[in-house]
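One structure below.
The values are calculated or read from the model by the stated rules, or taken from the named source; none is laboratory data. No experiment lies behind these values; they were computed from the predicted model shown. Cβ atoms come from the backbone with ideal geometry, glycine included; neighbour counts cover every protein chain shown. These area figures cover heavy atoms from the full protein model, side chains too; ligands, DNA and RNA do not enter into them. Shrake-Rupley method; radii C 1.70, N 1.55, O 1.52, S 1.80 Å.
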Amino acid sequence: MPEVIIPIGPHHPALKEPVNFKVIADGEKIVRLELDISYNHRGIEKAAEQRDFIRVLPLLERVCGICSHSHSTAFAKGIEEIMQLEIPPRAQYIRTIVAELERMHSHLLWLGVAAHEIGFNTLFMWIWRDREAVQDTLEEMSGNRVHYGMNEIGGVRRDLTPEQVNAALVRLPHLEERIKKYVDMVNNQETLLIRFKGIGKLSKEEVLKYGAVGPTARASGVDYDIRSDDPYLAYKEAPWKVVTDTHGDVYGRTIVRIGELEESLKIVRYCLEHLPEGPIRVTVPKIAPKGEIFSRYEAPRGELAHFIRTNGTDKVERIDIRTPTLANWTSVAMCLVNQNLADIPVIVAAIDPCLSCTSRITVMNDYDRKASSITMDELRRQSRARFQRAERL
Amino acid sequence: MTNGLMVDFVLDTMKEFGTIEQIRSNRIRISTTPDKVHDAIKRSRELLKCDRLITISAADNGRTLELIYHLTGPHRTVISLVIELPRDVPETPTMSDILPAGIYERQIHDLFGIFFKGNPNLEKIILNEDWPDNEYPLRKDWKPDPGKFYGGIKEERI
Amino acid sequence: MMDTVLLLVYIFLFPGFLFLLAYALVFEYLDRRIAARMQHRVGPPFYQPFADFIKMLGKEVIDPDGVDKRIFDSVPLVALAAVMTAYLYIPIIGSSPLAFQGDVVLVLYLLTLPTIALFLLGWMSRNIFSAMGGIRAVTQLFIYEVPFFLVILTPALMAGTWSISEIVVWQQKNMWFVFLQPIGFIVALIGLQAKLERTPFDIPEAETEIVAGPLTELTGRRLAFMHLTTDVSLVAGSALISAMFLGGPTIPVIITPIWLSWIVGFLLFLVKTLTILLILSSIKVATGRIRIDQLNTIGWKYIASAAIAQVAIVLFMSYRWVMA
């Protein structure tokens with residue numbers, strides 16, 4: 001077959017969020033890839049410049065659903081450092097607990113999605129059922145399954161009652177057992193092994209050359225993990241270790257993520273058992289002094305970097321968010337060349353893409369606020385016109 | 001955990017590029033100029049052993065446009081190289097030959113209008129394809145122009 | 001006259017088309033229910049496949065730009081007709097009244113028509129995803145068809161006849177082929193799973209890669225008939241394997257009077273086809289999808305060699321018996 005352009009996206013069952021990969025393929029092998037990630041762009045960085053600190057935290061939380069706590073903690077941590085505040089230990093522990101629970105729910109979600117991408121729906125159903133234990137805990141603690149709203153500048157907004165702590169501790173042993181079973185499955189189940197091993201391989205030099213972060217990088221032996229490189233919150237006190245692997249392919253990334261699941265469970269258990277008493281917030285000045293801070297945080301997908309500049313008012317001057325998925329796109333585009341078409345969903349899913357994090361801008365232009373409705377024929381005509389325009393490009 | 005870089009060691013190696021200050025225990029800031037920044041990055045890769053680019057941040061401080069390259073390495077210290085560019089002609093050579101900077105440069109070009117000389121592919125990545133040219137939304141002096149069309153489907157009234 | 005009426009009842013009512021359609025929908029229900037229970041879910045109620053079929057018949061039929069409407073309309077019907085006809089030649093309650101020498105070849109031929117239909121639909125859809133799905137369907141056909149044909153024909157070799165009904169009678173007198181040719185049975189099951197495009201062989205319809213494969217552009221009644229074709233193929237395939245390997249509607253005891261043997265035969269047919277469905281559903285739930293090039297390797301290395309080994313064993317055995 002001659003070279004064919006296969007559009008993966010923006011609407012495609014393999015993608016959870018819209019992204020446009022124009023894959024140029026020769027039969028079943030991929031020759032080249034063109035990337036367009038503008039579909040989820042919402043204008044958050046510009047909007048954050050017009051809101052004071054109390055209002056910008058919920059905005060930043062909604063950058064992404066799955067790593068919402070990462071964004072708000074990274075920002076809160078940065079602003080607290082500019083203001084030179086020290087938050088009480090109980091608040092730090094509560095933030096850590098929510099952060100690690102979020103990492104667990106994100107990795108379990110990813111594991112199910114990876115199984116679904118290769119057509120193994122049974123594993124997908126089982127894992128998502130176990131993920132409900134984590135979601136129930138988070139809902140008890142914060143009232144919500146995503147977008148927890150636990151953070152504020154100077155501490156956390158809600159306290160944990162002893163009943164919530166006990167309920168969470170009771171759920172952990174069953175989850176630990178199920179995770180061990182999934183380790184066993186990943187190592188021994190035939191179809192998982194042949195679809196994951198050897199796919200999307202990245203060597204250690206390539207990881208550093210393309211700037212990959214998170215489990216994608218740690219699967220190739222690069223042991224960057226912000227929780228140990230630049231410790232924050234309660235990570236210095238809880239016993240845990242960085243999980244790396246040397247395979248470098250999708251199988252290695254699976255092993256790293258399951259290993260991180262086990263470590264997170266240990267951290268959550270430690271923090272729940274050793275929760276210190278005390279206040280959960282400190283009073284915060286309204287205005288931040290002029291300064292610049294580079295706040296880094298280990299989100300479930302990798303290293304999240306917030307570059308914050310303040311200018312002596314109660315708003316930020318500039319916030320520049322570099323999400324882990326943005327850093328990983330280059331490595332995906334590079335390692336997709338010369339792979340099979342059938343492996344695209346697996347390789348893209350292996351970096352755990354979160355496109356809402358990646359594209360954060362759209363402009364809503366509402367100067368003409370009059371109501372109008374479009375008929376079905378008009379919609380059809382417009383969508384056909386758009387498709388024909390895209391075909392001609 | 002390896003030890004961080006000592007500020008004196010960084011001062012020695014990089015002193016001709018510009019001013020150096022230590023902001024935090026593990027972050028060192030170096031201000032330099034656009035023509036020297038390529039060599040500065042090369043030297044930090046070789047001598048300071050920075051093998052990873054964290055990100056390239058861009059900011060508009062009202063007078064000029066700033067670009068900050070954040071690098072790190074096994075020593076776990078963040079080296080931030082800051083350059084300033086004039087607003088009317090914001091141009092700088094690309095770093096994509098020595099760093100995986102392609103995706104960041106494309107994004108910054110879309111949002112701020114900074115032109116990276118030598119970058120082979122500066123197409124739109126983060127703004128939609130019908131966004132008008134020469135509108136750089138993240139600059140401080142940008143306001144949406146009601147006469148222009150920024151993408152999406154035009155709503156028609158019955 | 002009576003014979004003609006009985007023949008028409010056999011073909012159209014029971015155990016012919018009406019029963020076949022009802023049984024196909026029950027099979028789909030059982031398949032989905034078993035899969036759901038194994039995945040710790042509840043699963044659909046028993047009228048779900050019927051409701052799906054009726055609903056889809058009422059949906060709008062959309063023709064993509066430039067596609068030949070007549071082919072799109074007729075190909076699903078041809079596929080459905082092919083598998084329904086194939087079913088008629090398989091013994092359900094006793095020997096099939098339409099049996100003739102060579103009907104095993106006819107049944108095998110008719111059962112491959114749905115795959116050709118998928119390829120045609122995929123190619124004519126003017127859609128890159130459908131074309132790729134169609135190509136994958138035909139590639140898969142080349143890989144599993146040879147072993148599948150070989151192991152369906154080895155019972156015919158051993159029984160010395162080319163009619164399914166007579167093979168069933170031979171098994172009643174001697175032994176079921178599942179004991180005489182176990183390798184053949186396993187290869188036949190794998191081949192049936194591949195023919196029906198179920199996991200791990202559902203490459204042509206891989207939802208996460210190519211939307212819905214060759215069926216992407218089908219809507220309304222066309223899609224309803226293609227789904228019904230898949231269900232009927234499942235029944236026909238299970239019936240074929242139960243007739244060739246498990247003795248069909250017979251047990252080694254001859255039952256008189258004849259109407260009693262029909263009833264017992266029908267019950268045995270139900271039990272045996274349900275067993276095969278259970279095996280196929282378990283395989284579907286317990287595995288993930290493999291890639292087409294991996295199927296190529298596995299197919300030619302293991303499945304084809306097993307089939308050829310089976311044929312060699314059968315030839316050797318019949319040589320020994322003839323010589324002895």
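General remarks:
- Ligands, DNA and RNA excluded, the heavy atoms of C:MET175 present near 90 Å² of accessible surface to a 1.4 Å solvent probe.
- FRET efficiency estimate (nearest 0.05) - Cβ-Cβ, A:LYS29 to C:SER305, R0 30 angstrom: 0.60
- For segment B:40-74, a decrease in accessible area of 50 Å² or greater in the assembled protein chains relative to the isolated chain, with a 1.4 Å probe, applies to B:ASP51, B:ARG52, B:ILE54.
- For A:ASP52, no residue whose modelled amide H falls within less than 5 Å of its own remains once neighbours fewer than 5 places apart on the same chain are excluded.
- Chains A and C together bury some 2300 Å² of accessible area, summed over both sides, with a 1.4 Å probe.
- Residue among C:ALA307, C:ALA24, C:ALA81 with the largest mean-square fluctuation in a Gaussian network model of chain C, springs linking Cα atoms under 10 Å: C:ALA81
- Using R0 = 25 Å, the C-beta based FRET efficiency linking A:HIS274 and A:GLU177 works out to 0.60.
- Using C-alpha pairs below 8 Å separated by at least 6 residues, the relative contact order for chain C is 26 percent.
- Label zone at C:ARG32, where the point sits 7 Å out along the Cα-to-Cβ direction: segment A:94-121 residues whose backbone N lies under 18 Å: A:121
- The mean accessible area for residues of segment C:2-323, using a 1.4 Å probe and ignoring ligands and nucleic acids, is 43 Å² per residue.
- Taken one residue at a time, the phi angles of segment A:42-56 give Karplus couplings (6.51, -1.76, 1.60, θ = phi - 60°) of 10, x, 6, 5, 6, 5, 5, 6, 10, 10, 7, 4, 5, 7, 7 Hz. Gly and Pro are set to x.
- Here the label points at B:ASP51 and C:VAL105, each 7 Å from Cα along the C-beta direction, are separated by 6.7 nm in the simple model.
- Working from label points 7 Å from Cα in the Cα-to-Cβ sense, the C:SER282 to C:GLN39 distance is 1.9 nm.
- Note, ³J(HN,Hα) from phi for segment A:160-173, Karplus 6.51, -1.76, 1.60, rounded to Hz, x at Gly and Pro: 9, 7, x, 5, 5, 4, 5, 4, 5, 4, 5, 6, 5, x
- Summed over both chains, the accessible area lost when A and B associate is about 4500 Å², using a 1.4 Å probe.
- Surface composition of chain C: carbon plus sulfur atoms contribute 73% of the solvent-accessible area (1.4 Å probe, protein chains only, all chains present).
- Our analysis of segment A:44-322 gives Rg over Rh at 0.98, with the two radii drawn from alpha carbon positions and Rh computed by the Kirkwood formula.
- Residues in segment B:39-46 carry Karplus couplings, in order, of 5, 4, 5, 4, 5, 5, 5, 7 Hz; the curve used is 6.51 cos²θ - 1.76 cosθ + 1.60 with θ = phi - 60°, and Gly or Pro positions show x.
- Spin-label proximity, C:LEU267 to segment C:78-110 - amide N less than 16 Å from point 7 Å beyond Cα toward beta carbon: C:93-94
- Among the listed pairs A:LYS46/B:LYS148; A:LYS77/B:LYS42; A:LYS197/C:LYS301, a Cα-Cα separation exceeding 24 Å is found for A:LYS77/B:LYS42.
- Coil-residue GluC sites (Glu not before Pro) of segment A:256-313, DSSP, other Cβ within 10 Å capped at 14: A:GLU277
- Sparse-neighbourhood loop sites, trypsin sites (Lys or Arg not before Pro) in segment C:92-176 - DSSP loop, at most 14 other Cβ within 10 angstrom: C:ARG126
- Sparse-neighbourhood loop sites, GluC sites (Glu not before Pro) in segment A:54-159 - DSSP loop, at most 15 other Cβ within 10 angstrom: A:GLU86
- Relative contact order of segment A:44-322: 29 percent, from C-alpha pairs under 8 Å at least 6 residues apart in sequence.
- FRET efficiency estimate (nearest 0.05) - Cβ-Cβ, B:ASP97 to C:LYS59, R0 41 angstrom: 0.15
- Here's how it looks for A:ARG42: its modeled amide H is under 5 Å from those of A:ARG360, A:ILE361, A:THR362, which are all 5 or more places away or on a different chain.
- Working from label points 7 Å from Cα in the Cα-to-Cβ sense, the B:ASN26 to C:THR112 distance is 6.5 nm.
- DSSP bridge pairs, chain B: antiparallel proportion in percent, nearest 5: 70
- One equal scatterer on each Cα of the protein assembly as shown, no solvent, Debye formula: the resulting log10 I(q)/I(0) at q = 0.05, 0.10 Å⁻¹ is -0.37, -1.13.
- Residues whose placed amide H lies under 5 Å from that of B:ILE98, excluding near-sequence neighbours: none
- Charge tally around C:VAL67: other residues with Cβ under 12 Å, Lys/Arg +1 each, Asp/Glu -1 each, net -1.
- Peptides A:215-223, A:47-55, A:191-199 ranked from most to least packed, by the mean per-residue count of other Cβ atoms within 10 Å: A:215-223, A:191-199, A:47-55.
- Net charge over other residues, Cβ less than 14 angstrom from the Cβ of C:LEU21 (K, R count +1; D, E count -1): -3
- Pairs of Cα atoms nearer than 8 Å and 6+ residues apart set the relative contact order; for chain B it is 17 percent.
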